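Values in this text are rule-based calculations from the coordinates and carry no lab data. No experiment lies behind these values; they were computed from the predicted model shown. Neighbour counts are summed over all protein chains in view; Cβ atoms, including those assigned to glycine, are modelled from backbone coordinates with ideal geometry.
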Amino acid sequence: MSRLEILNSGSLRLDGRRPHELRSLALHITPENAHSDEFASFNSGTNPKSDGSARVEQGLTVVHASVYGPREAKQRSSTLHDRAVLQCEVTIEPWSGRDRRKRSRADRRIAEICAALESTFEPVVQTHLYPRSTIDIFVSVERQDGGVLPCAINAVTLALLDAGISMSDYVVALSVGLHLQSGKTLLDLSSHEETALPHLIAATLPRSGKITLAQLETRIHANVVQEMLAVVGQACSVLHSEMDIAMQERTKQLADALGGSGLGNRKDEALTQQLLDSVQEDIDDDADHSMNM
């Protein structure tokens, strides 16, 4: 058991947050330094530029995600005739944590993160629209201080949207822990809190309210789990609004780039709004189609 007091008598955590207070959040879609040689292994050519990328900072945890595709698979044996195949690769940088060691692809933690990402996004990505192709997802953990998997899920969501890949909904993830002494739930755990508290990681679909991932490694009473999932759902709606704002800003940047030099007139503003409305209609149609299936 940790010697440090996770939650003091004033209901403040180690970093000064309230139990349901989230860490600072920074969303960067297609960052300038996103295209490095590390991502070349996913590209069949010599150009390592990805189709979509995002960098998410939640507290001190920083995760970068890049998406390549949909594109023709390198091996025909790995394709499906009726849908696309999602392939994920995760790298945890040696300098990201306290242990300062290099992890191989066979590392257990990396394998667990890859499996969680694939199982989370396969029901959400409209893979039937891209038959006989692959969608490659590369995730790089640059700094880790708790909530690595939720941060990775949020980064992959933005990267997929940036790549223009059709999804039925946003996927928003967060961690929640249970403080046994007080019975209070703590949101968006740091590394120390994850070690000391029983916790779960949940990924939700904000529009439908469904849960696409619930990862629990500690025994907790079923009634408490329901309470924790309810708290996570409310917090994910807050994260969803921030992610939606970031995507709208990204869409405006693309619309302005397509508009050329005359960006200030009303015609270009109308075209920008039409593009935003079209993107929103596509998301709504995909969500309705997914719910009717």
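Odds and ends about this structure:
- Inter-part distance, segment 174-199 to segment 113-143, computed on C-alpha centroids, equals 28 Å.
- Integer Hz, Karplus 6.51/-1.76/1.60 couplings in order for segment 76-84, x for Gly and Pro: 5, 5, 9, 9, 10, 6, 10, 7, 7
- Linear extension gain, Ala106 paired with Ser9, 0.36 nm per residue minus alpha-carbon span: 30.6 nm
- Modelled spin labels at Glu227 and Arg143, positioned 7 Å past Cα toward Cβ, are 3.4 nm from each other.
- Spin-label pair Leu258-Ser119: with each label point 7 Å from Cα along the Cα-Cβ axis, the two points sit 3.8 nm from one another.
- Summed residue charge, Cβ within 13 Å of Asp51's Cβ, Lys/Arg positive, Asp/Glu negative: 0
- Between Leu216 and Arg76, the contour length at 0.36 nm per residue exceeds the Cα-Cα span by 46.8 nm.
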